[in-house]
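*Asks:* The structure is given below, and queries will be raised subsequently.
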Amino acid sequence: MGDFDVIEEEEMKEIRETLKRSNLASSDEKIQDTNQLDHVTFNIAVTGESGSGKSAFVNAFRGIGHDETNSAPSGVVETTMEPKCYPHPKYPDVQVWDLPGIGTPNFRADEYFQKVGFARYDFFIIIASERFKVSNVELAREIQKMKKRFYFVRSKIDDNIRAEKRKKNFDQDKTLNQIREDCIKGLQRNGVESPVVFLISSFDLGYYDFPLLEQTMERELPKHKRNILLLSLPNLMLEIINKKKKALQAGIWKKALLSGGVATVPIPGLSVAVDVTILVKEITRYYQAFGLDDESLQNLSARTEVPLEELKAVRKSPLNKEISADVIIKLLTKAAGAGLMVIGYWMSTIPVLGSIPAGGISYATTYHMLKSCLNELADDSQNVLMRALQSEV
Ligand SMILES: Nc1nc2c(ncn2[C@@H]2O[C@H](COP(=O)(O)OP(=O)(O)OP(=O)(O)O)[C@@H](O)[C@H]2O)c(=O)[nH]1
Ligand SMILES: [Mg+2]
């Protein structure tokens, strides 16, 4: 077992006060299960030059016809003036943002992104409808500079194919490859690393790279999601763990007061009887609250693609193997051997407890045991989440 720390002054005050008011029945604090991992919204921004087909793409991507209600307005004149958010019908956690086009010749990517609220988006799709343009590179470079990712979509491929078809020796694959190469080389030449390019027509979704784009998105979505988590979660995660810890900690002494009760067993070396049932029940509760149980770990493993065994391997507390009366008694015995605490101190500081000697000793033991286990399990919870978030697929 780790260190057994001493009750702090503040807690002592709270204990005394509550004992005075004797409202011991006020039961456990409720812990709100802030299951953040499940509810990460993924914001995709669709950006590119004015008229490149962003709004048409947003509709296509959402599987919605251009004339349906809830579709993004698209048109031959400049149409989209403000970022607008559309939920994705297939992936409930995905929001697609239709952005205004980048227009003027002296366009600056950083200013544009500031205007449309760059920080809001987790992922970008840059739409280009014509031959390779420098403004697209500016967008791509700015996105990479901010450590975010993008796909590059070359739109209106149906137009190109129609025009090329007039030529003799028309070869569709060759034309498509030429367009693809032009995009990839243009981006690379201008310092954009490993660009992913899709050729699509928002009017002919079954053709060209649209199915591939969907497949890629579907495959990579969990990975991208984890990246958002990776950026935002370490802080959030600590906050949640600390919140849970505080809530659980607040209930410890109440549980400890119950421990002089009926189901006490003598602990070797401690010359005191402790209610082990309370300990088992309470520690099991911590274990579940921190998501260390098999079911929670399996879910986490599925969500993050980190193998279950690897998540389990970073847990240090012996409590992860089994929480049973036997294990708890062993831990208590070990703690007793290491000079658990100065029992007399407790007897003298809390007069009410002093009048029920066995209960007092049992109280102090239970209190320390719970606090120490809570700390251990909170640390393990943090270790597991760190492991889950830091691994690359
Ligand atoms: N042939 C063809 N035309 C398209 C395609 N996608 C869009 N268009 C047409 O291109 C024009 C501009 O499309 P929008 O979707 O409004 O373009 P946008 O990028 O949203 O434009 P702004 O919001 O003004 O920046 C419209 O007339 C669309 O019908 C496509 O895949 N193929
Ligand atoms: Mg538009």
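The values are calculated or read from the model by the stated rules, or taken from the named source; none is laboratory data. Keep in mind the model is a prediction, meaning the values are calculated, not measured. For neighbour counting, all protein chains shown are included, and Cβ atoms are generated from backbone atoms with ideal geometry for every residue, glycine included. Heads up: the accessible areas ignore ligands, DNA and RNA and are worked out on the full protein's heavy atoms, side chains in. Shrake-Rupley method; radii C 1.70, N 1.55, O 1.52, S 1.80 Å.
*Asks:* Hey, can you grab everything whose amide H is under 5 Å from the amide H of residue 86? Only 5+ residues off in sequence or another chain; H modelled, so Pro and N-termini drop out.
*Replies:* Distant-sequence amide H within range of residue 86: 96, 97, 98.
*Asks:* Would you kindly compute the Cα radius of gyration of region 40-208 and its largest Cα-Cα separation (Dmax), both in Å?
*Replies:* In Å, with Rg to one decimal and Dmax whole: 15.7, 52.
*Asks:* Oh, and also: If I take R0 = 45 Å and measure r between the Cβ atoms of residue 115 and residue 284 in this structure, what FRET efficiency does the formula 1/(1 + (r/R0)^6) give, to the nearest 0.05?
*Replies:* Result of the calculation: an efficiency of 0.30.
*Asks:* Still on this structure, I have one more. Give me the accessible area of residue 333, 1.4 Å probe, in Å² rounded to the nearest 10.
*Replies:* Only protein atoms counted, so the area is about 50 Å².
*Asks:* List the lysines whose Cα lies under 20 Å from the Cα of residue 147, skipping any in the same chain that are fewer than 8 positions away.
*Replies:* The reachable lysines, counting only those whose Cα sits under 20 Å from residue 147, are 115, 223, 225.
*Asks:* What's the extension gain from residue 293 to residue 68 if we count 0.36 nm per residue and subtract their Cα-Cα distance?
*Replies:* Taking residue 293 through residue 68 to full extension adds about 76.4 nm, to one decimal.
*Asks:* Let me ask something else. Roughly how many Å² is the accessible area per residue of region 40-208, as a whole number, for a 1.4 Å probe?
*Replies:* Here the residues of region 40-208 average 53 Å² of exposed surface.
*Asks:* Step through the residues of region 284-294 one at a time and calculate ³J(HN,Hα) from phi using the Karplus curve (6.51 cos²θ - 1.76 cosθ + 1.60, θ = phi - 60°), rounding each to whole Hz and writing x for Gly and Pro.
*Replies:* 4, 5, 4, 4, 6, 4, 8, x, 9, 6, 4
*Asks:* Between their Cα atoms, which of 244/371; 54/167; 254/281; 255/312; 243/334; 243/371 are more than 18 Å away from each other?
*Replies:* Values: 244/371 13 Å; 54/167 29 Å; 254/281 14 Å; 255/312 29 Å; 243/334 30 Å; 243/371 15 Å.
Listed pairs above 18 Å: 54/167; 255/312; 243/334.
*Asks:* Would you mind calculating the gained length between residue 205 and residue 181 on full extension (0.36 nm times residue separation, minus the Cα-Cα distance), in nm to one decimal?
*Replies:* Contour length minus Cα-Cα distance gives 6.5 nm.
*Asks:* Let me ask something else about it. Multiply the residue gap between residue 172 and residue 84 by 0.36 nm, knock off their C-alpha separation, and tell me the result in nm, one decimal place.
*Replies:* Fully extending the segment from residue 172 to residue 84 adds 28.1 nm.
*Asks:* Roughly speaking, to the nearest percent, how much of region 40-208's 1.4 Å accessible area is carbon and sulfur?
*Replies:* Here carbon and sulfur together make up 48 percent of the probe-accessible area.
*Asks:* Count the net charge of all other residues whose Cβ sits under 9 Å from the Cβ of residue 316, scoring Lys and Arg as +1 and Asp and Glu as -1.
*Replies:* -2
*Asks:* Quickly work out the residue 302-to-residue 250 label distance, labels modelled 7 Å from Cα along the C-beta direction, and quote it in nm with one decimal.
*Replies:* Between residue 250 and residue 302, the label points sit 3.3 nm apart.
*Asks:* Shifting gears a bit: What GluC sites (Glu not before Pro) does region 42-100 have in DSSP loop regions with at most 12 other beta carbons within 10 Å?
*Replies:* Counting only loop positions with at most 12 other Cβ atoms within 10 Å, the GluC sites (Glu not before Pro) in region 42-100 are 68, 78.
*Asks:* Given points 7 Å out from each Cα along the Cα-Cβ axis, report the residue 214 to residue 91 separation in nanometres with one decimal.
*Replies:* Each label point lies 7 Å from its Cα, and together they span 1.3 nm.
*Asks:* Under the rule of at least 5 residues apart or a separate chain, name every residue whose amide H is placed under 5 Å from the amide H of residue 123.
*Replies:* Here the answer is 43, 45, since their amide H atoms fall under 5 Å of that of residue 123.
*Asks:* Only bridges with both residues in region 40-208 count here: give the DSSP antiparallel percent, nearest 5.
*Replies:* Working: 4 of 24 bridges.
Bridges in region 40-208 that DSSP calls antiparallel: roughly 15 percent.
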